[in-house]
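Read through the structure below, which is laid out as structure tokens, and then see the notes.
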Amino acid sequence: MYYPGSDSRANALIQWLTADLRLQVESITPASSDASFRRYFRVEHAEGCDIVMDAPPDKENTESFIRNANLLRKAGIHVPAIYSRNPEQGFLLLEDMGSQCYLDCLQDGNADALYGAALDSLFELQHAIDVETCGLPVYDQALLQRELNIFDEWFLEKRLGIVLPVSVREEVDTCLIASALQQPRVVVHRDFHSRNLMVLACDSPGVLDFQDAVIGPVTYDLVSLFRDCYILWPGARVSAWLESYHRRLLDAGSLDADLAQFERWFDLMGLQRHLKAVGIFSRLDVRDNKPGYLADIPRTMAYIAEVCGRYPELAGFHAFLQHQVLPIYRAKL
């Protein structure tokens, strides 16, 4: 049998599975990597195969996972069933959704079908949950600002050793935060991308990593999906997908914005998300000794540069990127 390490949490997890749940465990193997402090293991036992989440209570919150799983499930979204829980120790026994995520399966020939299914789930997420009564936190100005600061601190300052001028920072922050707050508010998954969508035999996709859901801008999850940090699609294809979903929102009566406005929201929301992502990828390496995400920075930086070059109000930031950030970054690769 594989044991998930010899630390005290691993021993406690095995004790919970075997003594408390009385599972006849046959094997425990790593199920997936995670950018947080959570660990996931696939547990094969006499009655089948499940996933166990190890979320240290001092670093992670299983209560938000449980609450959001119930919320999304009631909205018709296929999230993992929770079979057993131990919030005091931070353990959950979950439905096993397999190991085929969208990123592993996406190709030119099946992208329309896979994204079509994902958009069906996203539409339910945005329409089947009442934002006024669901109890989720709001993606407000303070949170948007904190996320933008991650790029400044962890990528610019700690990775590259440069400081963003105050005037340029204010230019970017004002533009991006205003655009985000202007948008219609819906439930936002916050990581609705190819690594968190599972290809299943039925009721696909399975949706993972929803514990940080908030009430926020309508385009946020669309950016996560279409301008994914882990896979790149041609701009014309992204535009076609975006236009189709825009029509769907108009037909549902849930949007009062023309396509040009919607595309602007999408672009600027993407810039905010991608700045945050680059900062997080850097933090994972510098602080947490997880360098694996560094390979995703070039793709994400390309999104950032493209959008900045498209909007005159971001000219100062675009010039700073082109003349200071990108040369130093490329020299360090």
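Details
- Lysines with Cα under 24 Å of Lys158, excluding same-chain neighbours fewer than 8 positions away: Lys59, Lys276, Lys290, Lys332
- Rounded, prolate or oblate (a/c below 1.5 giving rounded, otherwise prolate when a/b exceeds b/c) for region 220-315 by Cα gyration tensor: prolate
- As a ratio to 2.2 N^0.38 Å, the alpha-carbon radius of gyration computed for region 8-95 takes the value 1.06.
- Among the listed options [x] 63, 49, 40; [y] 57, 53, 40; [z] 66, 52, 51, the one matching Cα extents along the principal axes in Å as calculated from these coordinates is [x].
- Helix 62-74 axis, angle to the chain major axis (alpha carbon atoms, nearest 10°): 80
- Treating r as the C-beta distance of Leu259 and Glu170 and R0 as 30 Å, the FRET efficiency rounds to 0.50.
- Positive-end residue of Phe192, Ala178, Gly90, charge dipole of the chain with Cβ unit charges: Ala178
- Integer Hz, Karplus 6.51/-1.76/1.60 couplings in order for region 208-223, x for Gly and Pro: 10, 6, 9, 5, 9, 4, 9, 9, x, x, 5, 8, 4, 5, 5, 5
- Charges were assigned to the Cβ only: +1 to each Lys and Arg, -1 to each Asp and Glu. The resulting dipole of the chain about its Cα centre is roughly 720 debye.
- Convex hull of alpha carbon positions in region 275-318: directionally averaged projected area 3.1 nm².
- Between the C-alpha center of region 235-263 and that of region 84-150 there is a gap of 20 Å.
- The slack between Cys134 and Thr29, meaning 0.36 nm per residue of separation minus the straight C-alpha distance, is 34.2 nm.
- Distance cut-off 17 Å, percentage of C-alpha pairs in region 27-69 lying past it: 40
- Full extension of the chain between Cys202 and Ser239 gives 10.5 nm of extra length, using 0.36 nm per residue less the Cα-Cα distance.
- 0 to 90° range, to nearest 10: angle between helix 259-286 axis and the chain longest Cα axis: 60
- Spin-label model, Tyr230/Ala19: points 7 Å from Cα along the beta carbon direction are separated by 3.6 nm.
- Computed from the Cβ-Cβ distance with R0 of 30 Å, the FRET efficiency linking Ser99 to Arg248 stands at 0.45.
Read-outs throughout are calculated quantities, based only on the coordinates presented, and are distinct from any laboratory measurement. Owing to the predicted nature of the structure, the values given are computational and were not obtained by experimental measurement. Positions of Cβ are generated from backbone atoms using ideal geometry, with glycine treated the same way; all protein chains shown enter the neighbour counts.
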